[in-house]
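Report on the following structure.
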Amino acid sequence: MRKFWLIFRNEYLRHVLRRRFIFALLSLPVFVALLVGVGLLAAWSDYDHRPVGYVDLSGFFLNARQVPSKTDNLFPPPIMQSFSSEAEARAELQEGQIQAYFTIDPQYLKNGTVRLYTLGSIKGNTRDDFQNFLRYNLLSNQPQAIAERVLNGPEIVVQSLSSNRKMASNEVLNILLPLISGLLFVVVINISGSYLVQALVEEKENRTMEIVVTSVSHAQLMAGKIVGNLLVGLTELIIWLSFGFLGLAFAQRYIPGAQNLNINFDFIWLMAVTLLPAFVMVAALMAAVGASTSGSREAQQWAGLFTLPIVIPFWLVVPLMESPNSPLAIGMSFFPLTAPVTLPLRAAFTDVPAWQTIISVLLLIACAAAALWLAGRTFRMGMLRYGKRLTWREIFGKAG
């Protein structure tokens, strides 16, 4: 057991202390932060804080009230400024004191006609803000709570008749989380798998393994390498998810509109019990490829094929969301390479029966154990075959 830990420690530290690993580890959070920052900067540069004027020819909005600003508005709506005449409003517009002005038709209550005047383009939200202003004041005789409810509209919660699952607008993260974790899974397994395959092929080519196996068993060597490289990928995934949760906590504290976002932590546990054995399974399969091939380029090409089935749920995300209990969705929940994304995605839209979750996880664990056995067998058979590639018949045939 001590030799296993020595191999595991050496394999893990050999990768995580490299500059390219640290660069890859920090590049994703920095890239996401830059995207968010650029988006906020673009939104701020497009925001026009100047008032919007209006000339009320109908006489209905003479004592109009401003729409109360919501606490979750990142950019508050502009002030609606009243003018007694169109000439006065036009003069303010030409001087740049207002961004635009509206004239309310004398027969507005009958025909609803409003005209907009501007010197150039107008921000897209200005029309919506003025429409809300008109609606709010048309409801001036109603209690403020009723007026705000008409403006905000209903809060629709989707209730499935076939289960107890409910989905509200503030639970959008529960839909995105399985997709984001699936993408991160593909990225991480490719990175850690490439490390493992490259290390196995290089050590096989330079005959290092022939020396190492004189002091450790085949099983200890392969298990240490797989677990070490697996932990490299898990380190990346855990740190990236930690950055994501820290970013969400920051957004909920300082960014309006993000306070109501909720995360169902049942999804976190479900993704953990599916992603972990899937990591082991794919890493072991990649190790088997690295031990059976004769060159690093060939090994990388074959190893990349194992990640293709993982992205199938992304191609079928619409039918999976619309019919989470269909035979297709259930079948993909049982298939080990698609289960890590499909099962949490289904759980976001329906109550997945416990027996299906148990079968899916047990299949993943069984496949992970089988992949470890295959990797050990392939490594033992192909270790001394310098410059030669193992065939599938040799791997699955009677051991020599």
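Within the range 341-378, being surrounded by fewer than 23 Cβ atoms within 10 Å (Cβ to Cβ), among the polar types (S, T, N, Q) and part of a helix (DSSP H, G or I) holds for GLN356, THR357. The residue of the range 80-125 that is modelled with the lowest pLDDT, among those that are out of contact with any Lys or Arg (no Cβ under 9 Å at 6 or more places or on another chain) and among the hydroxyl-bearing types (Ser, Thr, Tyr), is SER121. Here is a list of conditions, (1) without any contact (Cβ under 8 Å) to a residue 40 or more places away in the chain; (2) closer than 20 Å to ASP48 by Cβ; (3) surrounded by fewer than 16 Cβ atoms within 10 Å (Cβ to Cβ), and GLY112 meets all of them except one; can you say which number that is? Condition (2) is where GLY112 drops out. Would you pick out the residues in the range 115-144 that are more than 23 Å from PRO68 (Cβ to Cβ), of a type in the set (D, E, K, R) and surrounded by 15 or more Cβ atoms within 10 Å (Cβ to Cβ)? Answer for the range 115-144, where residues must be more than 23 Å from PRO68 (Cβ to Cβ), of a type in the set (D, E, K, R) and surrounded by 15 or more Cβ atoms within 10 Å (Cβ to Cβ): there is none.
The values are calculated or read from the model by the stated rules, or taken from the named source; none is laboratory data. Because the structure is a prediction, the values reported are computed rather than measured. Cβ sites come from the backbone with ideal geometry, for glycine too, and all protein chains shown count toward neighbours.
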